[in-house]
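Input: a single structure, listed below in structure tokens.
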Amino acid sequence: MFNFGDVLDLPLIWGGLIALSVFIYVLLDGFDLGCGILFPFAGSDKNRSRIMNSIAPFWDGNETWLVLGGGGLFAAFPVAYGIIMSGLYLPVTFMLFGLIMRGVAFEFRFKANTRRHVWDTFFFVGSVVATFSQGIMLGALVQGLEASNRLYTGGPFDWLTPFSIVCGFAMIIGYALLGSTWLIIKTEHTLQVWARKVSGWMLSALIASMIVVTAFMFFSDIEALEGWFSFPGLLYLAPMPIVVLALFFLMRKDLKTEREYRPFLLAVALFLMGYIGVCFAIFPYIVPYQMTIYEAAAADTSLSFMLIGAVIMLPIILSYTAFAYYTFKGKSDHNPMY
């Protein structure tokens, strides 16, 4: 069999594919988790039904990217997968329980009459738990995991630190912003007006949380800062604060107009800025700051074989996702969809 490793940097390609899958997951599942976070505050049962209907056609498909990212990590970087899952198995478990609670709430809420408030609570709590767990995992990874001899050597609660907790709350704010800007697209009248107000609050809170997270990184002496303030990373990242400020003011302006799509796209751009910063901070490590993508990669023959499948399947998944969003475009209403 032809070995692509002879002509391609396979670990780098697979690292990029996994990073892309994770980013797409954060955006797509981020807005529907954000809708769940905002769910109890919508003001009426009809508004809550509209919120749930706005994401009902998409939420399970969005989680495809989580499976793709986790499966890609397991297949392409099995040693890193073992270390990361060993260090983060508790927050991963909490996240999965949260996602299960959301899935159950979707199925039962539309059929419930007298106990609908129970499934509303499941939907909200599941969204918050899943989001907070993802923020905890992000903070723990940026802070670094203890590993030796290709095994995790830290404790079962090393992921629980002040920095990871701050990242968990920042993730809740960020997903709430994605959710509120999504509702601007999918709703109208009073619910859309409410979503615009919430978007303004969440935007200010997100900028503040980004500053707090950066300050925690500085005072905690996290190694990720070396990737930010050393060359060539410093040259690439220097314009980012200016870009973030420009996005902030542009979005504040758009929220006062009747624009519907651009606030969501600007929120996506803010997430992209933060994601680029994280990638620069930890690259080339796949287990920060213990193991690089080259040290953790599977054999070139395995990576080559899987790359053929990825080249075939990724366009199919992207096409299906785009088709689903096109098919279910337009405003949502309060009528049951299940």
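In terms of packing, defined here as the mean over residues of other Cβ atoms within 10 angstrom, the peptides 96-104, 153-161 line up highest first as 96-104, 153-161.
Axis angle, to the nearest 10 degrees, between helix 116-143 and the longest C-alpha principal axis of the chain: 30 degrees. Exposure check, 1.4 Å probe, all protein chains in place: TYR325 carries approximately 50 Å² of accessible surface. Give the shape of region 257-331 as rounded, prolate or oblate, defined through the alpha-carbon gyration tensor: a ≥ b ≥ c are the square roots of its eigenvalues, a/c under 1.5 means rounded, and otherwise the shape is prolate if a/b is larger than b/c and oblate if not. Since a/c reaches 1.5 but b/c is at least a/b, the shape of region 257-331 is classed as oblate.
With protein chains left intact and a 1.4 Å probe, residues in region 27-69 average 28 Å² of accessible area per residue. If you sort the three axes of the alpha carbon gyration tensor as a ≥ b ≥ c, you get a/c of 1.5 or more for region 155-222 and a/b above b/c, which makes it prolate.
Inter-label distance, SER148 to PHE249: 5.2 nm, where each label sits 7 Å from its Cα along the C-beta direction. Spacing of the modelled spin labels on LYS256 and ILE312, each 7 Å from Cα toward Cβ, amounts to 5.5 nm. Note on PHE74 and PHE328: the model spin-label points, each 7 Å out from Cα along the C-beta direction, lie 2.6 nm apart.
The C-alpha atoms of the chain define a longest principal axis, and helix 261-282 lies at about 20 degrees to it. Percent of accessible area on the chain owned by carbon and sulfur, 1.4 Å probe? Accessible surface attributable to carbon and sulfur in the chain totals 71 percent.
Taking 0.36 nm per residue of separation and subtracting the Cα-Cα distance, what length does fully extending ILE13 through THR161 add?
So the chain would gain 50.1 nm between ILE13 and THR161.
Ordering TRP119, GLY72, LEU20 by Cα displacement along the dipole of region 1-149 toward the positive end leaves TRP119 in first place; charges were set at the Cβ atoms of Lys, Arg (+1) and Asp, Glu (-1). Helical content alone sets the calculated 222 nm signal of the chain at -25000 deg cm²/dmol, taking -39,500 (n - 2.57) per DSSP H segment of four or more residues and averaging over every residue. What separates the Cα centres of region 44-65 and region 143-166 is a distance of 34 Å. I'd like the orientation of helix 64-76 relative to the chain: the angle between its Cα long axis and the longest Cα principal axis, in ° from 0 to 90, rounded to 10. Between helix and principal axis, roughly 10 degrees.
The values are calculated or read from the model by the stated rules, or taken from the named source; none is laboratory data. All values reported here derive from a predicted model rather than from experimental measurement. Note: ideal-geometry Cβ built from the backbone for every residue, glycine included; neighbour counts use all protein chains shown. Surface areas here come from the heavy atoms of the whole protein model, side chains and all, with no ligands, DNA or RNA. Shrake-Rupley method; radii C 1.70, N 1.55, O 1.52, S 1.80 Å.
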